[in-house]
Amino acid sequence: MHNPSHPFVLPMRDGVSASCVALPPTGHGNMLDFLDERLPRVGREQWRLRMAAAEVVDERGTQVTPERAFEPGLRLYYYRSLPAEPPLPFDETIVYQDDHLLVADKPHFMPVTPSGPYLHQTLLVRLKQRLGLPALVPLHRIDRDTAGLVLFSVQRSTRGTYHSLFRDRLMTKHYEAVAPWRGDVDFPREHRSCMQEGAEFFRMQEVRGEPNTLTRMQVLEVAGAWARYRLSPVTGKRHQLRVHMAALGLPLRHDAFYPVVNDPPAGDFSRPLQLLAKTLEFTDPLTGQA
């Protein structure tokens, strides 16, 4: 018998957990009409094929057919798929794992979660497939172009506890970056600015206003025209470190977005962004240990 407090969920397939979409309280037509309107990028014919292959089910585990009438509030489960996903010839490394947490070292060019043209070639899906952990969820994100440490929650029961480390700024993050060296820019320093989304949706920009970002910066090593920097973000705006360094006239080496867009063609992995998520420091809220 169906238990409404424990809805049916499609099992993980090739590391991909099923997606869920809920029908609104009011509507009309059939299930195919709804899915085609709500998720048009999939395409009406593709939805029809998925339904025929029993890849769309409701919260009771019943196969959804195209002609089935609209049912207010019903949850539908389905798998995301991509016709031609770009291959990524890099491997992630598991740095640490226990019953509650997993830390992975992400290579350059790999997204943390499915987005755009990437689904299976993402850190989350690769780890789910490799380890058989359907409940795995990243506790924070780093850019696709950035390499380094990503912290994951293994269990739903303790996820909120670890999420609060980031929300309450109890997680100390240190990055290392390679950028130009300029003797007229003093270090160590703190860089504060007001950042918001730019005219191009994929870029951020500094604007006038009350600062909403803070990065602590220091020089670790100088080698000719380049230097290795330690960047410690106190806040966590998208592209914060890249924007802050570019604002100082010190854009990160191989940065394809800042100060100008110079995105390499697909499949060109020859210029990895010189930014590494080096360390994560925190007191474990369950054990009290650093």
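Each value in this text was obtained by applying a stated rule to the coordinates, not by laboratory testing. Predicted model only: the values in this text are computed from it and were never measured. Heads up, the Cβs are rebuilt from the backbone with ideal geometry, glycines too, and the neighbour counts pull from every protein chain shown.
A few comments on the model shown:
- Proxy reagent accessibility, fewest Cβ within 10 Å first, across S157, S19: S157, S19
- Taken along its principal axes, the alpha carbon cloud of the stretch 173-279 reaches lengths of 37, 36, 28 Å, longest axis first.
- Spherically averaged projected area of the chain from its Cα convex hull (nm²): 18.9
- Global geometry of the stretch 93-168, whether rounded, prolate or oblate, following the gyration tensor of its Cα atoms and the 1.5 cut on a/c: prolate
- The H on the amide N of V64, modeled in the peptide plane, is under 5 Å from the matching H of V56, V57, D58, each at least 5 residues off or on a different chain.
- Equivalent ellipsoid semi-axes - Cα gyration tensor, the stretch 19-78, angstrom: 15, 13, 10
- Relative frequency of Cα-Cα separations exceeding 19 Å in the stretch 60-209, percent: 69
- Pairs of Cα atoms nearer than 8 Å and 6+ residues apart set the relative contact order; for the chain it is 14 percent.
- Our coupling estimate for the stretch 66-73, obtained by passing each phi through the Karplus curve with A = 6.51, B = -1.76, C = 1.60 and θ = phi - 60°, is x, 7, 4, 5, 3, 10, x, x Hz, Gly and Pro reported as x.
- Across the stretch 93-168, Cα pairs under 8 Å and at least six residues apart give a relative contact order of 33 percent.
- Between amide H atoms placed 1.01 Å from N, distances below 5 Å from T213 occur with S193, M195, all of them 5 or more places distant or on a separate chain.
- The phi torsions of the stretch 270-277, fed into the Karplus equation with coefficients 6.51, -1.76 and 1.60 and a -60° offset, translate into couplings of 7, 10, x, 4, 7, 9, 10, 6 Hz, rounded to whole numbers, with Gly and Pro shown as x.
- When you restrict to C-alpha pairs under 8 Å that are six or more residues apart and normalise by the size of the stretch 173-279, the relative contact order lands at 33 percent.
- Mean-position separation - Cα centroids, the stretch 119-143 and the stretch 182-197, in angstrom: 33
- Expected 222 nm ellipticity per residue - DSSP helices of 4 or more, -39500 (n - 2.57), all of the chain, to 500: -4000 deg cm²/dmol
- The local environment of A18, defined by Cβ-Cβ distances under 14 Å, has a net charge of +1 under the rule Lys, Arg +1 and Asp, Glu -1.
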